[in-house]
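Asker: Sharing a structure here in C-alpha coordinates format.
The values are calculated or read from the model by the stated rules, or taken from the named source; none is laboratory data. Just so you know, these numbers come straight off a predicted model, no measurement behind them. All Cβ positions, even for glycine, are placed from backbone atoms using ideal geometry, and neighbour counts span all protein chains on display. For accessibility, only protein heavy atoms count, side chains too; no ligands or nucleic acids. Shrake-Rupley method; radii C 1.70, N 1.55, O 1.52, S 1.80 Å.
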Amino acid sequence: MTDTLRVLIAGGVVLGILVLLHEWGHFIAAKWCGVRVDVFSIGFGPRLWGIKRGDTDYRLSALPLGGYVRMAGDNPVEERTGAAYEFLSRPRWQRCLIAIAGPAMNILLTFAVFMGVFWVVGIPTPNYFLEAPSVVAVAHDASPSGVKPGDRIVQVNGVTTPDWRAVYTAAGSTKPGDTMSVVVLRAGAQQTLQIPFPAQATEDDVLGYPALSSVLEDVVPGTPADKAGLRAGDVITSIGGKPVVTWLQFVDAVRSSDGHQVDFAVRRDGRDISLSLVPAHQMDADGKMVWLVGVSAATQNHYERESFVASAKSSLDSTINGVRQIGNVLGGLATGKVSVRELQGVIGIARESGRAAKKGPADLLFLTAVISLNLGLLNLLPIPILDGGHVLMLAIESVLRRDLSIAVKERLVQVGLVFLLGLFVFVMYSDIMRSIPNHH
(Lines give C-alpha, C1' and ligand atoms only; values in the text may rest on other atoms or scores of the structure.)
Protein backbone atom coordinates (compact mmCIF):
# COMPACT_ATOMS: atom_id res chain seq x y z
CA MET A 1 0.00 0.00 0.00
CA THR A 2 1.38 3.44 -0.94
CA ASP A 3 1.91 6.06 1.77
CA THR A 4 -0.67 8.38 0.19
CA LEU A 5 -3.32 5.67 0.10
CA ARG A 6 -2.52 4.68 3.66
CA VAL A 7 -2.91 8.29 4.78
CA LEU A 8 -6.26 8.66 3.03
CA ILE A 9 -7.69 5.40 4.33
CA ALA A 10 -6.39 5.76 7.91
CA GLY A 11 -7.42 9.42 8.12
CA GLY A 12 -10.87 8.68 6.74
CA VAL A 13 -11.43 5.76 9.11
CA VAL A 14 -10.29 7.68 12.19
CA LEU A 15 -12.31 10.82 11.44
CA GLY A 16 -15.34 8.76 10.40
CA ILE A 17 -15.39 6.77 13.64
CA LEU A 18 -14.94 9.85 15.81
CA VAL A 19 -17.67 11.82 14.06
CA LEU A 20 -20.00 8.81 14.16
CA LEU A 21 -19.55 8.39 17.92
CA HIS A 22 -19.88 12.13 18.56
CA GLU A 23 -23.14 12.42 16.65
CA TRP A 24 -24.41 9.18 18.14
CA GLY A 25 -24.01 10.80 21.57
CA HIS A 26 -26.30 13.65 20.51
CA PHE A 27 -28.66 11.13 18.91
CA ILE A 28 -29.17 8.85 21.93
CA ALA A 29 -29.50 11.83 24.30
CA ALA A 30 -32.15 13.38 22.03
CA LYS A 31 -34.05 10.09 21.86
CA TRP A 32 -33.85 9.68 25.63
CA CYS A 33 -35.26 13.20 26.08
CA GLY A 34 -38.13 12.50 23.71
CA VAL A 35 -36.88 14.70 20.85
CA ARG A 36 -37.61 13.54 17.31
CA VAL A 37 -34.47 13.15 15.21
CA ASP A 38 -35.08 13.83 11.53
CA VAL A 39 -31.55 13.35 10.14
CA PHE A 40 -28.43 11.52 11.31
CA SER A 41 -25.69 12.45 8.81
CA ILE A 42 -22.03 11.57 8.44
CA GLY A 43 -20.66 14.49 6.42
CA PHE A 44 -22.22 17.69 5.13
CA GLY A 45 -23.77 18.75 1.87
CA PRO A 46 -25.87 16.73 -0.60
CA ARG A 47 -27.14 13.32 0.47
CA LEU A 48 -25.25 10.53 -1.29
CA TRP A 49 -26.81 7.49 0.29
CA GLY A 50 -29.05 6.67 3.20
CA ILE A 51 -31.82 4.66 4.72
CA LYS A 52 -34.84 5.79 6.73
CA ARG A 53 -35.87 4.03 9.90
CA GLY A 54 -38.87 5.45 11.74
CA ASP A 55 -38.64 9.23 11.81
CA THR A 56 -34.89 9.33 11.15
CA ASP A 57 -33.03 9.51 7.81
CA TYR A 58 -29.60 7.91 8.34
CA ARG A 59 -27.44 9.32 5.56
CA LEU A 60 -23.94 9.68 4.14
CA SER A 61 -23.34 13.15 2.72
CA ALA A 62 -20.91 14.49 0.12
CA LEU A 63 -18.35 16.24 2.36
CA PRO A 64 -17.06 13.72 4.93
CA LEU A 65 -15.37 16.34 7.12
CA GLY A 66 -17.82 16.19 9.98
CA GLY A 67 -21.42 15.30 10.59
CA TYR A 68 -24.60 16.42 12.25
CA VAL A 69 -27.87 15.42 13.85
CA ARG A 70 -30.93 17.44 12.81
CA MET A 71 -33.72 17.41 15.34
CA ALA A 72 -37.28 18.55 14.94
CA GLY A 73 -37.70 22.17 15.97
CA ASP A 74 -33.98 22.82 16.58
CA ASN A 75 -33.80 25.90 14.33
CA PRO A 76 -35.34 28.97 15.99
CA VAL A 77 -35.81 30.78 12.64
CA GLU A 78 -37.93 27.99 11.18
CA GLU A 79 -41.61 27.59 11.84
CA ARG A 80 -42.42 25.43 14.85
CA THR A 81 -45.57 23.62 15.87
CA GLY A 82 -44.81 23.69 19.58
CA ALA A 83 -45.09 19.90 19.76
CA ALA A 84 -43.45 18.21 22.76
CA TYR A 85 -41.07 16.27 20.49
CA GLU A 86 -39.43 19.46 19.19
CA PHE A 87 -35.99 20.33 20.54
CA LEU A 88 -36.85 23.90 21.57
CA SER A 89 -39.94 22.65 23.39
CA ARG A 90 -37.86 20.61 25.84
CA PRO A 91 -36.63 22.01 29.19
CA ARG A 92 -33.26 23.79 29.09
CA TRP A 93 -31.56 21.09 31.16
CA GLN A 94 -32.51 18.48 28.56
CA ARG A 95 -31.24 20.67 25.70
CA CYS A 96 -28.00 21.12 27.65
CA LEU A 97 -27.75 17.36 28.14
CA ILE A 98 -28.21 16.78 24.40
CA ALA A 99 -25.49 19.35 23.62
CA ILE A 100 -22.85 17.85 25.91
CA ALA A 101 -23.65 14.22 25.04
CA GLY A 102 -21.56 14.36 21.85
CA PRO A 103 -18.33 15.57 23.52
CA ALA A 104 -18.99 13.22 26.44
CA MET A 105 -19.10 10.29 24.02
CA ASN A 106 -15.70 11.29 22.60
CA ILE A 107 -14.20 11.47 26.07
CA LEU A 108 -15.68 8.08 26.99
CA LEU A 109 -14.28 6.64 23.75
CA THR A 110 -10.82 7.86 24.74
CA PHE A 111 -11.08 6.12 28.10
CA ALA A 112 -12.44 2.91 26.50
CA VAL A 113 -9.72 2.74 23.83
CA PHE A 114 -6.92 3.32 26.32
CA MET A 115 -8.34 0.71 28.67
CA GLY A 116 -8.88 -1.83 25.91
CA VAL A 117 -5.33 -1.48 24.61
CA PHE A 118 -3.78 -1.60 28.08
CA TRP A 119 -5.81 -4.70 28.99
CA VAL A 120 -5.64 -6.66 25.73
CA VAL A 121 -2.33 -5.51 24.21
CA GLY A 122 -0.50 -3.81 27.05
CA ILE A 123 1.24 -0.55 27.88
CA PRO A 124 4.13 0.26 25.53
CA THR A 125 7.32 0.07 27.59
CA PRO A 126 10.86 0.86 26.33
CA ASN A 127 13.03 -2.24 26.08
CA TYR A 128 15.92 -0.51 27.86
CA PHE A 129 13.82 -0.41 31.06
CA LEU A 130 14.75 -4.07 31.49
CA GLU A 131 18.47 -3.55 30.82
CA ALA A 132 21.21 -3.16 33.42
CA PRO A 133 21.57 0.55 34.34
CA SER A 134 24.94 1.28 32.80
CA VAL A 135 25.58 4.99 32.15
CA VAL A 136 26.99 5.79 28.69
CA ALA A 137 26.90 9.61 28.90
CA VAL A 138 25.89 12.44 31.24
CA ALA A 139 24.24 15.83 30.81
CA HIS A 140 26.46 18.71 29.71
CA ASP A 141 26.05 20.42 33.10
CA ALA A 142 26.26 17.30 35.28
CA SER A 143 28.07 17.69 38.59
CA PRO A 144 31.75 16.53 38.42
CA SER A 145 31.19 14.69 41.70
CA GLY A 146 28.15 12.86 40.39
CA VAL A 147 27.56 9.88 38.11
CA LYS A 148 30.08 9.44 35.28
CA PRO A 149 30.08 7.56 31.95
CA GLY A 150 30.93 3.92 32.55
CA ASP A 151 29.27 3.80 35.98
CA ARG A 152 26.83 1.01 36.78
CA ILE A 153 24.04 2.23 39.11
CA VAL A 154 23.69 -0.30 41.95
CA GLN A 155 21.36 1.49 44.37
CA VAL A 156 19.23 4.63 44.48
CA ASN A 157 17.99 5.93 47.84
CA GLY A 158 18.76 2.56 49.43
CA VAL A 159 16.84 0.55 46.82
CA THR A 160 18.69 -2.06 44.75
CA THR A 161 18.45 -1.26 41.04
CA PRO A 162 18.96 -4.27 38.74
CA ASP A 163 17.54 -2.39 35.73
CA TRP A 164 16.66 1.11 34.51
CA ARG A 165 13.01 0.68 35.52
CA ALA A 166 14.09 0.16 39.13
CA VAL A 167 16.35 3.23 38.88
CA TYR A 168 13.51 5.49 37.74
CA THR A 169 11.08 4.03 40.29
CA ALA A 170 13.49 4.58 43.18
CA ALA A 171 14.41 8.08 41.99
CA GLY A 172 10.77 9.05 41.48
CA SER A 173 10.28 9.81 45.18
CA THR A 174 13.04 12.46 45.14
CA LYS A 175 11.77 16.03 45.09
CA PRO A 176 13.59 19.08 43.69
CA GLY A 177 15.97 20.37 46.34
CA ASP A 178 16.42 16.94 47.96
CA THR A 179 19.67 15.01 47.92
CA MET A 180 19.67 11.66 46.17
CA SER A 181 21.82 8.82 47.54
CA VAL A 182 23.30 6.81 44.66
CA VAL A 183 25.63 3.82 44.83
CA VAL A 184 27.59 3.15 41.64
CA LEU A 185 30.03 0.49 40.56
CA ARG A 186 33.09 2.35 39.20
CA ALA A 187 36.37 0.72 38.20
CA GLY A 188 35.37 -2.46 40.05
CA ALA A 189 34.58 -0.73 43.36
CA GLN A 190 31.35 0.64 44.79
CA GLN A 191 31.10 4.33 45.57
CA THR A 192 28.32 6.18 47.36
CA LEU A 193 27.38 9.57 45.90
CA GLN A 194 25.20 12.27 47.48
CA ILE A 195 23.76 14.16 44.51
CA PRO A 196 21.55 17.27 44.80
CA PHE A 197 18.36 17.13 42.73
CA PRO A 198 18.02 20.61 41.16
CA ALA A 199 14.70 22.19 40.25
CA GLN A 200 13.63 21.60 36.62
CA ALA A 201 15.98 18.58 36.41
CA THR A 202 14.96 15.09 35.30
CA GLU A 203 16.20 11.74 36.55
CA ASP A 204 18.31 11.43 33.39
CA ASP A 205 19.96 14.79 34.05
CA VAL A 206 21.07 13.62 37.49
CA LEU A 207 21.67 9.89 36.98
CA GLY A 208 23.11 9.89 33.47
CA TYR A 209 21.91 8.51 30.16
CA PRO A 210 21.20 4.93 29.06
CA ALA A 211 22.25 3.73 25.62
CA LEU A 212 19.45 4.75 23.22
CA SER A 213 19.50 4.58 19.46
CA SER A 214 20.04 7.94 17.72
CA VAL A 215 18.24 6.81 14.56
CA LEU A 216 15.52 9.32 13.64
CA GLU A 217 11.99 7.98 13.23
CA ASP A 218 9.84 11.05 12.60
CA VAL A 219 10.62 14.56 11.37
CA VAL A 220 7.65 16.90 11.80
CA PRO A 221 7.01 18.99 8.65
CA GLY A 222 7.70 22.70 8.97
CA THR A 223 9.88 22.41 12.10
CA PRO A 224 13.56 23.40 12.51
CA ALA A 225 14.56 19.76 11.96
CA ASP A 226 12.67 19.62 8.67
CA LYS A 227 14.07 22.97 7.51
CA ALA A 228 17.59 21.78 8.36
CA GLY A 229 17.13 18.83 6.00
CA LEU A 230 16.87 16.00 8.53
CA ARG A 231 15.11 12.85 7.33
CA ALA A 232 13.65 9.78 8.94
CA GLY A 233 16.37 7.11 9.08
CA ASP A 234 19.24 9.58 9.67
CA VAL A 235 21.65 8.61 12.45
CA ILE A 236 22.97 11.39 14.70
CA THR A 237 26.71 10.69 14.94
CA SER A 238 28.19 13.80 16.53
CA ILE A 239 27.32 17.15 18.09
CA GLY A 240 29.79 20.01 17.97
CA GLY A 241 32.46 17.55 16.85
CA LYS A 242 31.92 15.22 19.82
CA PRO A 243 30.67 11.66 19.18
CA VAL A 244 27.10 10.74 20.11
CA VAL A 245 26.56 7.45 21.92
CA THR A 246 22.92 7.97 22.95
CA TRP A 247 19.93 9.90 21.61
CA LEU A 248 19.59 11.80 24.90
CA GLN A 249 22.81 13.70 24.13
CA PHE A 250 21.06 15.30 21.15
CA VAL A 251 18.02 16.11 23.32
CA ASP A 252 20.34 17.68 25.91
CA ALA A 253 22.12 19.77 23.25
CA VAL A 254 18.81 21.11 21.93
CA ARG A 255 17.25 21.80 25.35
CA SER A 256 20.38 23.61 26.59
CA SER A 257 20.98 25.57 23.36
CA ASP A 258 19.16 28.70 24.58
CA GLY A 259 18.09 29.23 20.99
CA HIS A 260 21.61 29.24 19.55
CA GLN A 261 22.63 27.21 16.52
CA VAL A 262 23.34 23.52 17.09
CA ASP A 263 25.94 21.95 14.78
CA PHE A 264 25.84 18.20 14.32
CA ALA A 265 26.49 15.40 11.84
CA VAL A 266 24.35 12.53 10.60
CA ARG A 267 25.02 9.36 8.67
CA ARG A 268 22.70 8.87 5.71
CA ASP A 269 23.03 6.06 3.17
CA GLY A 270 26.61 5.45 4.26
CA ARG A 271 27.62 9.13 3.96
CA ASP A 272 28.44 11.58 6.77
CA ILE A 273 26.61 14.90 6.39
CA SER A 274 27.16 18.05 8.46
CA LEU A 275 24.03 20.01 9.36
CA SER A 276 22.94 22.79 11.69
CA LEU A 277 19.66 24.08 13.07
CA VAL A 278 18.26 26.68 15.44
CA PRO A 279 15.79 25.26 17.99
CA ALA A 280 12.39 26.89 18.50
CA HIS A 281 11.06 27.90 21.92
CA GLN A 282 7.80 25.97 22.26
CA MET A 283 5.55 24.36 24.82
CA ASP A 284 6.12 20.67 25.52
CA ALA A 285 3.52 18.10 26.54
CA ASP A 286 3.85 19.10 30.21
CA GLY A 287 3.10 22.76 29.49
CA LYS A 288 6.72 23.89 29.93
CA MET A 289 8.45 26.22 27.47
CA VAL A 290 11.53 24.39 26.17
CA TRP A 291 13.74 24.40 23.09
CA LEU A 292 12.48 21.90 20.49
CA VAL A 293 13.32 20.97 16.90
CA GLY A 294 10.46 18.65 15.87
CA VAL A 295 12.11 15.25 15.62
CA SER A 296 11.93 11.95 17.48
CA ALA A 297 14.12 8.89 17.62
CA ALA A 298 13.17 5.30 16.88
CA THR A 299 12.41 3.40 20.06
CA GLN A 300 12.22 -0.32 20.72
CA ASN A 301 9.21 -1.09 22.89
CA HIS A 302 7.46 -4.12 24.26
CA TYR A 303 3.92 -4.32 25.62
CA GLU A 304 3.16 -5.20 29.22
CA ARG A 305 -0.44 -6.28 29.76
CA GLU A 306 -2.35 -5.09 32.79
CA SER A 307 -5.23 -6.56 34.76
CA PHE A 308 -8.75 -5.27 34.16
CA VAL A 309 -8.69 -3.04 37.25
CA ALA A 310 -5.13 -1.80 36.64
CA SER A 311 -5.91 -1.01 33.00
CA ALA A 312 -8.95 1.03 34.08
CA LYS A 313 -6.78 3.05 36.47
CA SER A 314 -4.06 3.56 33.86
CA SER A 315 -6.69 4.59 31.32
CA LEU A 316 -8.16 7.14 33.72
CA ASP A 317 -4.68 8.51 34.44
CA SER A 318 -3.91 8.75 30.71
CA THR A 319 -7.23 10.47 29.97
CA ILE A 320 -6.73 13.00 32.78
CA ASN A 321 -3.17 13.63 31.60
CA GLY A 322 -4.50 14.20 28.08
CA VAL A 323 -7.05 16.71 29.40
CA ARG A 324 -4.25 18.51 31.22
CA GLN A 325 -2.09 18.67 28.09
CA ILE A 326 -4.95 20.02 25.97
CA GLY A 327 -5.62 22.59 28.67
CA ASN A 328 -1.96 23.63 28.51
CA VAL A 329 -2.22 24.12 24.76
CA LEU A 330 -5.42 26.17 25.05
CA GLY A 331 -3.82 28.25 27.78
CA GLY A 332 -0.75 28.69 25.60
CA LEU A 333 -2.90 29.89 22.71
CA ALA A 334 -4.59 32.42 24.98
CA THR A 335 -1.26 33.76 26.31
CA GLY A 336 0.61 33.62 23.01
CA LYS A 337 3.01 30.88 24.11
CA VAL A 338 1.55 28.56 21.47
CA SER A 339 1.07 29.71 17.88
CA VAL A 340 -2.04 28.86 15.89
CA ARG A 341 0.40 27.72 13.20
CA GLU A 342 1.30 24.76 15.42
CA LEU A 343 -2.26 23.39 15.32
CA GLN A 344 -3.13 20.59 12.91
CA GLY A 345 -6.28 20.24 10.85
CA VAL A 346 -7.74 17.51 8.66
CA ILE A 347 -4.55 17.14 6.59
CA GLY A 348 -2.40 16.88 9.71
CA ILE A 349 -4.75 14.35 11.29
CA ALA A 350 -4.73 12.26 8.11
CA ARG A 351 -0.92 12.43 7.94
CA GLU A 352 -0.51 11.36 11.57
CA SER A 353 -3.11 8.61 11.10
CA GLY A 354 -1.14 7.26 8.16
CA ARG A 355 2.06 7.19 10.20
CA ALA A 356 0.33 5.47 13.10
CA ALA A 357 -1.28 2.91 10.78
CA LYS A 358 2.16 2.13 9.35
CA LYS A 359 3.49 1.40 12.84
CA GLY A 360 0.64 -0.93 13.76
CA PRO A 361 -2.95 -1.22 15.06
CA ALA A 362 -2.01 -0.29 18.64
CA ASP A 363 -0.43 3.00 17.56
CA LEU A 364 -3.45 3.84 15.40
CA LEU A 365 -5.77 3.13 18.33
CA PHE A 366 -3.71 5.36 20.63
CA LEU A 367 -3.86 8.18 18.07
CA THR A 368 -7.62 7.69 17.67
CA ALA A 369 -8.04 8.05 21.44
CA VAL A 370 -5.96 11.23 21.52
CA ILE A 371 -7.84 12.82 18.61
CA SER A 372 -11.17 11.81 20.15
CA LEU A 373 -10.25 13.54 23.40
CA ASN A 374 -9.25 16.68 21.49
CA LEU A 375 -12.52 16.61 19.55
CA GLY A 376 -14.57 16.21 22.71
CA LEU A 377 -12.87 18.96 24.71
CA LEU A 378 -12.65 21.46 21.85
CA ASN A 379 -16.36 21.04 21.18
CA LEU A 380 -16.99 22.11 24.75
CA LEU A 381 -15.37 25.52 24.18
CA PRO A 382 -17.93 28.31 24.68
CA ILE A 383 -17.93 29.35 21.02
CA PRO A 384 -21.34 29.78 19.37
CA ILE A 385 -22.04 26.95 16.87
CA LEU A 386 -20.00 24.50 18.97
CA ASP A 387 -21.68 22.37 21.63
CA GLY A 388 -20.08 24.49 24.35
CA GLY A 389 -21.57 27.58 22.72
CA HIS A 390 -25.05 26.08 22.93
CA VAL A 391 -24.49 25.32 26.60
CA LEU A 392 -23.31 28.91 27.17
CA MET A 393 -26.44 30.37 25.55
CA LEU A 394 -28.65 28.03 27.57
CA ALA A 395 -26.86 29.11 30.74
CA ILE A 396 -27.40 32.79 29.87
CA GLU A 397 -31.08 32.13 29.21
CA SER A 398 -31.37 30.34 32.55
CA VAL A 399 -29.87 33.33 34.37
CA LEU A 400 -32.13 35.78 32.48
CA ARG A 401 -35.11 33.42 32.89
CA ARG A 402 -36.11 34.06 29.30
CA ASP A 403 -35.02 33.02 25.82
CA LEU A 404 -32.58 35.17 23.88
CA SER A 405 -34.11 36.81 20.85
CA ILE A 406 -33.75 35.10 17.48
CA ALA A 407 -31.74 38.08 16.22
CA VAL A 408 -29.20 37.74 19.04
CA LYS A 409 -28.89 33.99 18.53
CA GLU A 410 -28.39 34.43 14.78
CA ARG A 411 -25.70 37.06 15.32
CA LEU A 412 -23.84 34.88 17.84
CA VAL A 413 -23.97 31.87 15.51
CA GLN A 414 -22.73 34.00 12.60
CA VAL A 415 -19.78 35.28 14.65
CA GLY A 416 -18.92 31.74 15.76
CA LEU A 417 -19.22 30.41 12.22
CA VAL A 418 -16.97 33.13 10.76
CA PHE A 419 -14.39 32.56 13.50
CA LEU A 420 -14.31 28.78 13.02
CA LEU A 421 -14.21 29.03 9.22
CA GLY A 422 -11.33 31.48 9.43
CA LEU A 423 -9.49 29.22 11.87
CA PHE A 424 -10.17 26.19 9.68
CA VAL A 425 -8.80 27.91 6.57
CA PHE A 426 -5.71 29.15 8.41
CA VAL A 427 -4.95 25.75 9.96
CA MET A 428 -5.55 24.04 6.61
CA TYR A 429 -3.13 26.47 4.95
CA SER A 430 -0.53 25.77 7.64
CA ASP A 431 -1.04 22.03 7.13
CA ILE A 432 -0.43 22.39 3.39
CA MET A 433 2.66 24.53 3.93
CA ARG A 434 4.07 21.97 6.35
CA SER A 435 3.50 19.28 3.73
CA ILE A 436 5.81 21.06 1.28
CA PRO A 437 9.34 19.65 1.83
CA ASN A 438 11.73 22.09 3.51
CA HIS A 439 9.22 24.93 3.25
CA HIS A 440 10.54 28.08 4.98
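Asker: Taking a point 7 angstrom from the Cα of A199 along the C-beta vector, which residues in segment 165-193 have backbone N less than 15 Å away?
Answerer: The answer is 175-178.
Asker: A further question on this structure: How high is the FRET efficiency between S274 and Q191 when r is their beta carbon distance and R₀ equals 45 Å, given to the nearest 0.05?
Answerer: For S274 and Q191, the calculated efficiency is 0.70.
Asker: What's the FRET efficiency of R152 with E217 using the Cβ-Cβ distance as r and R₀ = 25 Å, to the nearest 0.05?
Answerer: After rounding to 0.05, the efficiency reads 0.30.
Asker: Between S405 and A232, what is the spin-label point distance in nm, taking each point 7 Å from the Cα along the Cα→C-beta axis?
Answerer: 5.6 nm
Asker: Would you calculate the separation in nanometres between label points at V136 and F44, each defined as 7 Å from the Cα along the Cα-to-beta-carbon direction?
Answerer: Label-label distance for V136 and F44, simple model: 5.1 nm.
Asker: If one takes the longest principal axis of the Cα atoms in the chain, at what angle in degrees, from 0 to 90 and to the nearest 10, does the Cα axis of helix 3-32 lie?
Answerer: The two axes meet at around 50 degrees.
Asker: Still on this structure, please answer the following. Using 0.36 nm per residue, how much length does the chain from K242 to S307 gain when fully extended, once their Cα-Cα distance is taken away?
Answerer: Gain in length upon complete extension: 18.8 nm.
Asker: Let me ask something else. Where does helix 92-116 land angle-wise versus the long Cα axis of the chain, in degrees 0 to 90, nearest 10?
Answerer: It is inclined by approximately 30 degrees.
Asker: So if R0 is 25 Å, what FRET efficiency would A395 and R70 give, r being the distance between their Cβ atoms, rounded to the nearest 0.05?
Answerer: Approximately 0.60, to the nearest 0.05.
Asker: For the chain, give the percent of accessible area contributed by carbon and sulfur heavy atoms, probe 1.4 Å, rounded to a whole number.
Answerer: Of the solvent-accessible surface of the chain, carbon and sulfur hold 61 percent.
Asker: Averaged per residue, what accessible area in Å² does the chain show with a 1.4 Å probe, protein chains only?
Answerer: Dividing the accessible area of the chain by its residue count gives 52 Å².
Asker: Of the listed values [x] 139; [y] 148; [z] 183, grab the one calculated as volume of the Cα convex hull per residue in Å³ from the structure here.
Answerer: Computing volume of the Cα convex hull per residue in Å³ and matching it to [x] 139; [y] 148; [z] 183 gives [z].
Asker: Magnitude of the Cβ-charge dipole of the chain, K/R +1 and D/E -1, about the Cα centre, nearest 20 debye?
Answerer: 800 debye
Asker: Among V399, N301, I123, pick out the residue whose Cα is farthest towards the positive end of the charge dipole of the chain, where Lys and Arg carry +1 and Asp and Glu carry -1 on C-beta, about the Cα centre.
Answerer: V399
Asker: While we're looking at this one, here's another question. Taking the Cα atoms only, what angle lies between the long axis of helix 361-378 and the longest principal axis of the chain, rounded to 10 degrees?
Answerer: Result, in degrees: 60.
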